[in-house]
Each structure stands twice: as C-alpha cells, then as structure tokens.
Amino acid sequence: MRTEHRLEAVGPAERVLDRAATAVAHPNIALIKYWGKRDERLMIPYVDSLSMTLDIFPTTTTVRLCPDAAADSVTLDGAPARGEVGQRVVAFLDLVRQLAGRTEPATVDTRNAVPTGAGLASSASGFAALALAAAAAYGLDLDPTALSRLARRGSVSAARSIFGDFAICHAGGGTGAEADLASYAEPVPVPDFDPALVIAVVNAGPKAVSSRGGMRRTVETSPLYAAWATSSKADLTEMRAALARSDLDAVGEIAERNALGMHATMLAARPAVRYMSPPTVAVLDAVLRLRADGVPAYATMDAGPNVKVLCHPADAERVAATLGAAAPGSSVVTARRGPAARLWTEAER
Ligand code: DP6
C-alpha cells in the first residue's frame, strides 16, 4: 500500500503532513447494462448490471493530502481538470473526507493510458482508482464491497471496476442509508470464460449527450424504459446461467439484445437520445455478416457511437479486420478480461 506518513508535532497534537496513495483501475464493459438512477444523490441504479473488466487502458490516480493548501487541486493527464470533471472529483473527495472525519484538501493526479482522444476514457476506471487511492490516503479501511459502494457514489459503473474479470452491481432496494448499503458490486466467478472484446472506435470525439444527462432524460420521458428494466432482469438471470456454462453464443446474444434494448429506450426518449451514428450501424451490419459466415461475434454499445464485439480469441484478428473495413477511419483494439483495482506496491512507488 502506498501510504506515506510524515508526522510532525504541532503542540500536543500530531499532524499528518504528507500522506499519499496511488491506485490503478481498469475500465469495464457491461454485458447487462446499467441505465437510469432511482436516487441521483446517492447514485442508486434502477437495474442490476454485469460487466467484464478489461485488461487495457488503465487509469492511475494519486491522491496526496495537502493540509496547508486552501483547496483541492485536480489534474487530468497533467492538465488542470476543468468544469464538471473537476467538480465531480472534489465532490467525491468531500464524501471521502466526511466518511473519514477529516478535512485536509488534497491534490489528485489522474492519468489515463488510453490514447488521447480515443473516445474510451472511462469514468468507471477513473472513479474506481480515485475511490481506492482516496480511501487509502484519508485512512479509510474499506473491504472491496465497501470500496465498490464508495466508487458507485462517483459513477455507478465504477463500482464494477473495483473487481477484475466479471462483476455484478446490485441495484438493491430501500431508501436513504439502507439503499446505499444495498447497492454494491461483487465478483461473478467464471474461471473458464475468457473471450476477446474487439472495440471499434468509430468516433473519438466527445459525446454530445453525457451518459448522466442521457439516462436522466430516458428515465423521465421514455415510455419504453420500464419495459426494458423488466426485461433486463430476465436477461441477467439468463446471462448468469450462460456465463456459468462459458457459452459464448448465449452470452453474446443476451448482451447484444440487452444493449440494443437500452438504445431503443433512449431513442424513445423525448427528445430522442441517440448515440449511434452511420459508422456504428455499418459495424453492426458487419457483425451480422460475420455471424452469417459462421463466426460467433456479438455487439454491445454504451453511451457513444463505438461498438464492442465479443468473440472467441481465435477469431479476434478476423473480427478486428472486418470491423475496421466496415468503418474506414476507425481504430480497432482488442481486450481480454482484466484485473481488479489495486494500490501501488512499494516497488512501484
Ligand atoms: C451505458 O456509470 O458513466 O456505460 O453513474 O452517471 O456516472 P454515472 O454513469 P456511468 O454510465 C454507464 C452507462 C453505460 C452502461 C454501463 O456501463 O453499465
């Protein structure tokens, strides 16, 4: 654990002058999607979600307490974090300080291994790394379940990135503190299932509608939302059984229909929330062609135009070439299941 202490006597009391922790977390892609909050303040999702943590594009975050600073300072890839990103980080630090009973400001330095502008920078890896580093720096002793609850307060999908491989985030029930306790992530052990996820980045630009705004509008105005949330429950049950059998075709079919259903609820919002663009549809067509040619490949999409395609590792090269040809100008990267969030070791400091 990277926790540095330098104590200095200040009168009778001791004061922590330099205390820091660095954490690394990886993004995850949901096979059963989260979309919609029933409590925005506590960040409680309406539906359970299930994801695969990836082995690419980690986020590395250092939180250092600065007792003498006037305020928090947040940098993202070396530049000051502006606007909403900085505000969300400071609000998250406020929560950690409240839980830890501390008041010192901190500096937060976040670095994303994702190539700049690739459109894949993830709030999931970001808030998972921040939760782990901030908890350690402020001296909160949390087990992985409690860490996932904390990460959820930054971004619901971040709860799942606390864990490696496959993880479920429970929507839970109740209200207030009870709801907060009941919504957390945990691993879904699937030792023998190790698919490839081929990601077609068709547009690296920032999205027009944030996932936060898009899901709020969907919940408030889409007549299809309730139906999707109900069908998602059945999808989750079937998904767990398919994972237990390491059945790529079933996992892929369920993931694809769950994602397309989520996008259908968005399209029915008023006004419509649409993340798909013409290259997205071209890639989805290519996935259908691959299947027609006997290559098991299944698509999922999040709050953006990029497409993630689940397939057997042995087919990943062919799938990547096909997706790249379908959307000229796109970039394609292949991921596998990845590790849990962790603090830096002594050797890495
Ligand atoms: C479509 O977790 O980014 O990727 O909780 O508001 O921070 P906030 O949203 P976020 O939404 C992710 C939505 C999704 C599906 C998923 O990852 O489950």
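The rows are residues; the columns are (1) within 16 Å of the ligand (Cβ to nearest atom); (2) of a type in the set (Val, Ile, Thr); (3) surrounded by 17 or more Cβ atoms within 10 Å (Cβ to Cβ).
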| residue | (1), (2), (3) |
| --- | --- |
| His26 | yes, no, yes |
| Leu31 | yes, no, yes |
| Tyr46 | yes, no, yes |
| Val63 | no, yes, yes |
| Ala71 | no, no, no |
| Leu120 | yes, no, yes |
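Of all residues being part of a loop (DSSP other than H, G, I, E, B) and under 20 Å from the mean Cα position of the chain (by Cα) in region 324-343, which is nearest to Ala25 (Cα to Cα)? Just the residue, please. The qualifying residue nearest to Ala25 (Cα to Cα) is Ala341. Condition test on Arg97, is it over 25 Å from Asp165 (Cβ atoms), open to solvent by less than 70 Å² (accessible area, probe 1.4 Å) and part of a helix (DSSP H, G or I)? Judged against the criteria, Arg97 is a match.
Return yes when Arg217 is within 29 Å of Phe57 (Cα to Cα), among the charged types (D, E, K, R), open to solvent by 20 Å² or more (accessible area, probe 1.4 Å) and over 19 Å from the mean Cα position of the chain (by Cα) and no when it is not. No. Annotation: Val89 fulfils all but one of (1) within 16 Å of the ligand (Cβ to nearest atom); (2) over 15 Å from Val24 (Cβ atoms); (3) open to solvent by 30 Å² or more (accessible area, probe 1.4 Å); (4) touching a Ser or Thr at 6+ places or on another chain (Cβ under 9 Å); the unmet one is (3). On inspection, Ala100 fails the criterion of being closer than 26 Å to Val202 by Cα and of a type in the set (A, V, I, L, M, F, W, C).
Quick one: would you say Ser148 is open to solvent by 10 Å² or more (accessible area, probe 1.4 Å), in contact (Cβ under 8 Å) with a residue 24 or more places away in the chain and closer than 27 Å to Ala171 by Cα? Talk me through it step by step, then tell me what you get.
Numbers: open to solvent by 10 Å² or more (accessible area, probe 1.4 Å): no; in contact (Cβ under 8 Å) with a residue 24 or more places away in the chain: yes; closer than 27 Å to Ala171 by Cα: yes.
Considered against the rule, which asks whether it is open to solvent by 10 Å² or more (accessible area, probe 1.4 Å), in contact (Cβ under 8 Å) with a residue 24 or more places away in the chain and closer than 27 Å to Ala171 by Cα, Ser148 comes out as no.
No other residue among Phe127, Phe166 is more than 22 Å from Arg19 (Cα to Cα) and open to solvent by less than 40 Å² (accessible area, probe 1.4 Å) apart from Phe166.
Of everything listed in (1) away from the ligand (no atom under 16 Å from the Cβ); (2) closer than 28 Å to Leu65 by Cβ; (3) not in a loop (DSSP other than H, G, I, E, B), the single unmet condition for Leu150 is (1).
Of all residues in region 202-214, those satisfying the criterion of being open to solvent by 10 Å² or more (accessible area, probe 1.4 Å) and within 15 Å of the ligand (Cβ to nearest atom) are Pro206, Lys207, Ala208, Val209, Ser210, Ser211, Arg212, Gly213. Of the residues making up region 285-304, those that are open to solvent by less than 30 Å² (accessible area, probe 1.4 Å) and assigned to a helix (DSSP H, G or I) are Ala286, Val287, Leu290. Flag set for Thr280, criterion: outside any loop (DSSP other than H, G, I, E, B), more than 13 Å from the ligand (Cβ to nearest atom), among the hydroxyl-bearing types (Ser, Thr, Tyr) and over 23 Å from Phe166 (Cα atoms). Of all the residues in region 104-132, those that are assigned to a strand (DSSP E or B) and of a type in the set (S, T, N, Q) number 3.
Identify, please: which residue in region 153-166 is under 26 Å from Pro191 (Cβ atoms), within 11 Å of the ligand (Cβ to nearest atom) and hydrophobic (A, V, I, L, M, F, W, C) and is, among those, nearest to the chain's Cα centre (by Cα)? Lay out the reasoning, then the answer.
From region 153-166, those under 26 Å from Pro191 (Cβ atoms) are 157-166; that's our starting set.
Remaining after also requiring within 11 Å of the ligand (Cβ to nearest atom): 157-161.
Checking the rest, the ones that are also hydrophobic (A, V, I, L, M, F, W, C) come to 158-159.
Values: Ala158: 4, Ala159: 7 Å.
Across region 153-166, the extreme among qualifying residues is Ala158.
Take Ala135 and tell me if it is part of a helix (DSSP H, G or I), open to solvent by less than 20 Å² (accessible area, probe 1.4 Å) and more than 16 Å from the ligand (Cβ to nearest atom). Against the criterion (part of a helix (DSSP H, G or I), open to solvent by less than 20 Å² (accessible area, probe 1.4 Å) and more than 16 Å from the ligand (Cβ to nearest atom)), Ala135 qualifies. Evaluated against (1) under 22 Å from Leu130 (Cβ atoms); (2) away from the ligand (no atom under 12 Å from the Cβ), Pro195 falls short on exactly one condition, (1).
The values are calculated or read from the model by the stated rules, or taken from the named source; none is laboratory data. In this text, all values refer to a predicted model and were calculated from it rather than measured experimentally. Note that each Cβ is placed from the backbone with ideal geometry, even for glycine, and that neighbours are counted across all protein chains shown. Heads up: the accessible areas ignore ligands, DNA and RNA and are worked out on the full protein's heavy atoms, side chains in. Shrake-Rupley method; radii C 1.70, N 1.55, O 1.52, S 1.80 Å.
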